[in-house]
2 protein chains.
Amino acid sequence: MQRPRLYEQVAGQITEWIASNDIRSGDRLPPERELATQLGVSRATISQALVALEVVGAVVVRHGDGAIVTDVAGTPRIVEAIRAHANRLPEIIDARDALESKIAALAAQRRTDEHLARIDAALDAMEADVLAGGRGVEGDELFHAAVTAAAASDLLSKMMQEISELVLETRIESLGQPGRPRESLADHRRIADAIRAADPAAAARAMHDHVMRVSDVAILHDDE
Amino acid sequence: MQRPRLYEQVAGQITEWIASNDIRSGDRLPPERELATQLGVSRATISQALVALEVVGAVVVRHGDGAIVTDVAGTPRIVEAIRAHANRLPEIIDARDALESKIAALAAQRRTDEHLARIDAALDAMEADVLAGGRGVEGDELFHAAVTAAAASDLLSKMMQEISELVLETRIESLGQPGRPRESLADHRRIADAIRAADPAAAARAMHDHVMRVSDVAILHDDE
DNA sequence: ATTGACCTATTGGCTAGGCCACTGAACCAC
DNA sequence: GTGGTTCAGTGGCCTAGCCAATAGGTCAAT
């Protein structure tokens, strides 16, 4: 039924070429004309493929210079590498603190009414769950996702996504402690208030405190 | 400086057209040939724009039939998404600030004498280069690498490595400004002093100030 | 009247070839 | 050295055209 579009194949071939030739970020792709003859397609098709790769963020094409590789799709390796690490929790906390504090600050500067609504919705869901005796894990995730969206930084968002798996583990552990969900809810309220008040410094501080509180439990749990 | 790519404009115009004409999911766009004459561009460019819109999931193009609109809700964001790469400089700054400020703070807590020696060596190299009229790019890189090492966090270190290529661009641009290398050297001294004094807050602040100073130049350079 | 095969206009897919604009580096004049 | 200038390489975009898939009509067979 659906014939594969040529530019898709070409984009795939270029991606493979990047992977198999150990290309690193910043390296240049061969010229369009060369790619065209080498892959047996027209330059227009190469151009389409590059548009697709550009929209995805894999390359950036510069007039008069060439197509530069930006994203080496090597991101999954990081999570694996950390996973292999035995005492990884402190590192996750550090990274989370670095990213989320900044994200909270940016969110305080850039949040729109829609973002605030989404954040409130997450808080409501969390509160309902906690009052019902739950841990509020889902609301927690929604909240952090909403804040990250409000920060409006693809790069930071991407990095958070990278460590999201690892964070999830600590989140579940932390919220398993008695009394934790209620404290956590209060933390989140403080963060939300600072974001609503458009106070970057307060938002960053509140997020930092929150992450650190999680860290206490995590480290306790790490001793065994 | 950054010329807007034609296909981006076209994609934007098509998106606007979709929004303003109350197009719903499933409706068909005008034929490529018509769009081409109407927007005053070639069919090849229309095709590129459609590829971009297809990649972001706004439309699906069917051979012999036409381009069908799939996503009405997300249309306003599409142009943003496509243009995201154009001005990614601010994003790089944000990410760098988030990571390096934390790294500096951790370095202040964890630095050993060896780390301090390595940091000093980088400063010396930078000073020598700057006094000789150079930009001190190498020393700059060595310094940040040394601080990152002192922070002793594999995860943060790997994340910095991911954006290192992007950071390098801004670094070179920034240090190309007159008077920049000297200011930069002073910045680095302040950071090193805070790390030596084992003062995490001061180190983070100094690093933050430094990154922000770079950002000013970068944004200036981004204007046209 | 319904069905099925077959045209045909319309539309996207892709190519070929060409000119223009931008970049970077080598070169030259000062 | 410093600052223009030139030039080769590269992407941006266009024109023109043919091929391939789809939809919708026509028309014969049932």
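The values are calculated or read from the model by the stated rules, or taken from the named source; none is laboratory data. What you see is a predicted model, and the numbers here were worked out from it, not measured in a lab. Ideal geometry is used to build each Cβ from the backbone, glycine not excepted, and the neighbour counts take in all protein chains shown. Note: accessible area is taken over every heavy atom of the protein model, side chains too, but ligands, DNA and RNA are not part of it. Shrake-Rupley method; radii C 1.70, N 1.55, O 1.52, S 1.80 Å.
A few remarks follow.
- Scope segment B:26-39; condition buried (at least 16 other Cβ atoms within 10 Å of the Cβ), assigned to a helix (DSSP H, G or I) and near DNA strand C (Cβ under 10 Å from one of its atoms); matching residues: B:Glu32, B:Leu35, B:Ala36
- Segment A:102-111, residues that are open to solvent by 10 Å² or more (accessible area, probe 1.4 Å) and at the interface with chain B (Cβ under 7 Å from one of its Cβ atoms): A:Lys102
- Among the candidates B:Ser20, B:Ser47, B:Ser42, the residue that is within 15 Å of DNA strand C (Cβ to nearest atom) and open to solvent by 50 Å² or more (accessible area, probe 1.4 Å) is uniquely B:Ser42.
- Residue pairs meeting the criteria (Cβ under 6 Å; at least 6 apart or on separate chains; first in contact (Cβ under 8 Å) with a residue 24 or more places away in the chain and more than 9 Å from chain A (Cβ to nearest Cβ), in segment B:46-66; second open to solvent by 20 Å² or more (accessible area, probe 1.4 Å) and among the charged types (D, E, K, R)): B:Ile46/B:Glu32; B:Ala58/B:Asp71; B:Gly66/B:Arg28
- Condition broken by B:Glu16, with the remaining ones in (1) more than 12 Å from DNA strand D (Cβ to nearest atom); (2) closer than 22 Å to A:Leu6 by Cα satisfied: (2)
- Yes/no for B:Ile46 being near DNA strand D (Cβ under 9 Å from one of its atoms), in the same structural domain as B:Asp65 (by TED's automatic domain parsing) and within 23 Å of A:Ala11 (Cβ to Cβ): yes
- Test set (1) assigned to a loop (DSSP other than H, G, I, E, B); (2) modelled with pLDDT of 85 or more; (3) open to solvent by less than 40 Å² (accessible area, probe 1.4 Å) - A:Gly64 fails condition number: (3)
- Those residues of segment A:143-198 which are more than 19 Å from the chain's Cα centre (by Cα) and among the hydroxyl-bearing types (Ser, Thr, Tyr), in sequence order: A:Ser174, A:Ser184
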